[in-house]
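First up is the structure itself, then whatever we jot down about it.
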Amino acid sequence: MRRTPLAELLQNELERQDFHPRLPGYKRVYEAIRSAIVNRRLPAGSKLPSSRDLAHELDASRNMIVAAYDQLQAEGYVCSQTGSGTYVADALPDGFSEDSTLVKRAAPKSKGSALVLSKRGARLTQEKGVENYEVQPFALRGKMDLLNFPIKTWQRVQNQVWRREDIQLYDYDSDGGYFPLKKAVADYLRVSRGVSLSPEQVLITAGTQQSIDLISRMLADQNDVAWVENPCYWGAWSSMYANDLSIRPINVDHDGMNPSAADLNSLPPKFIYVTPSHQYPTGAVMSLARRKQLIEYAQRVGAWLLEDDYDSEFRYSGRPIASLQGLATEAGIDRVLYMGTFSKVIYPGIKLSYLVLPEPLIGAFKTALYDLYRPGQLHLQAALAEFIEQGHFTTHIRRLRQAYAQRRTLLLAVLEKNLAGKIQQVVVDAGLLFLIRLPPHIDDLALAAECQAQGLSVRALSRYYIGPTEARGLVVGFAYVDTNDLVDCGQRLGLLIKSVLS
């Protein structure tokens, strides 16, 4: 007989208890429900089935259930609402008895006992990335504006996929992703980013951080060195810390990552993590000369280059510089793992990304992806493949690029009008955020907190640095903000910065 989850819970309670053989049936049902309430398996406010339904599901007489409900109500464990049903009471009755069911309250925890996390767990939870690092829409109290996404078209494409009734889409994926999506990604990257690849080199992952986690597990051992940009995307170094890598921060200038002589003469890294197309969070674009230097160095010392191309779709003028992966492949160097994401161009919660691997790594990474994460979401991957193949993706990116360019220009104009050149705005023709640099004596953490209190979401630049720094600034994200909110919030931000400077 099929039972509802609640009836299954009560049946389990009946089987769990060691009842006296002469205990009446209604008393057993009473004790089972009471035990579930006392031990919080039935939380306050839970609705109980009608006596008729519960009797049918437990294969018991209705009179037995009614009698059990009556006693529970009389003792204050449940309450009955006319025309609505029977519900678990909001609080346990005063002085409820502990001796009837053999079910005791859990002993109170000792004040000295505490949850003990691992060192990596303590570090990860201490960082609180969503509060301190993740760039949110500038207008904190406004609605996230995703109206540029063609929701109805997306729904129609998804419905087309579901109507196929392709049984393979209901299973786990053991091939590194839905092949038509891998092919669509390969075709797109080949044309738009100059990446040299075949569809077999593409792995579909559940976000860039899963890609970094997988790379760290597969290609590095404990205490191996990883170079990261300084300042850096916190999600990268937190994933590496979680895999026990030793992080070496490398300073960033206007041309991107800039290793010093001491860096180059130190223990060679296993990984070099970079965001060359639009450095996170400064916005610097790595020069061609610097890219070639990094590729040559990685080849010489046997390091892997991790290229995070997280928002390269949003370049507002000119053509982007070729990807590290494309440049390296042209030079016959196979040391680059290229990462990208759909969360910036579709919607954040889609959580689909891609990882382009050197050919020798494909088999091992497919196996590890399956064994570690049991990937799925094949219906979603199939819908995205159709969305790209039908031309909606490129149309959507073109519209987004136009909309975001207008918002960026508008916000910069508002800030310039209010600040009149008093500070440096680091502006590049790319990305979904920009940096406002502040003098070293300004407390950017305090200023960011004050902005938060006034309904403005910005992030302090100094927080993104590993180790002490004199750099100060505010990181501002403008992508998901309505135009009207941008003007109002830009004026308020300008006034706040002005007051701090004065």
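Some points to look at:
- Candidates Leu42, Leu54 - the one that is outside any helix (DSSP H, G or I) and either surrounded by 14 or more Cβ atoms within 10 Å (Cβ to Cβ) or among the charged types (D, E, K, R) (or both): Leu42
- Residue match in the range 202-209 (condition: in the same structural domain as Gly340 (by TED's automatic domain parsing), in contact (Cβ under 8 Å) with a residue 40 or more places away in the chain and assigned to a helix (DSSP H, G or I)): yes
- Residues of the range 308-342 classified as at pLDDT 90 or above, small (Gly, Ala, Ser) and under 24 Å from Phe478 (Cβ atoms), total: 1
- Enumeration of residues in the range 445-481 that are among the charged types (D, E, K, R) and either surrounded by 18 or more Cβ atoms within 10 Å (Cβ to Cβ) or within 30 Å of Ile250 (Cβ to Cβ) (or both): Arg459, Arg463, Glu470, Arg472
- The set of residues from the range 283-338 being more than 23 Å from Leu400 (Cβ to Cβ) and among the small types (Gly, Ala, Ser) comprises Ser287, Ala289, Ala298, Gly302, Ala303, Gly326, Ala328, Ala331, Gly332.
- Residue check, Glu450 touching a residue at least 24 places away in the same chain (Cβ under 8 Å), of a type outside the set (Phe, Trp, Tyr), assigned by TED's automatic domain parsing to the domain that holds Phe314 and farther than 25 Å from Glu229 by Cβ: no
- Ile346 closer than 21 Å to Asp308 by Cβ, within 16 Å of the chain's Cα centre (by Cα), surrounded by 15 or more Cβ atoms within 10 Å (Cβ to Cβ) and in contact (Cβ under 8 Å) with a residue 60 or more places away in the chain: yes
- Candidates are the residues of the range 154-179 that are in a helix (DSSP H, G or I) and over 25 Å from the mean Cα position of the chain (by Cα); the one that is surrounded by the most Cβ atoms within 10 Å (Cβ to Cβ) is Val161.
- Residue within the range 336-343 that is assigned by TED's automatic domain parsing to the domain that holds Asn258 and either assigned to a helix (DSSP H, G or I) or among the charged types (D, E, K, R) (or both) present: no
The values are calculated or read from the model by the stated rules, or taken from the named source; none is laboratory data. None of these values were measured; they are calculated from a predicted model. Note that we place each Cβ from the backbone using ideal geometry, even for glycine, and neighbour counts take in every protein chain shown.
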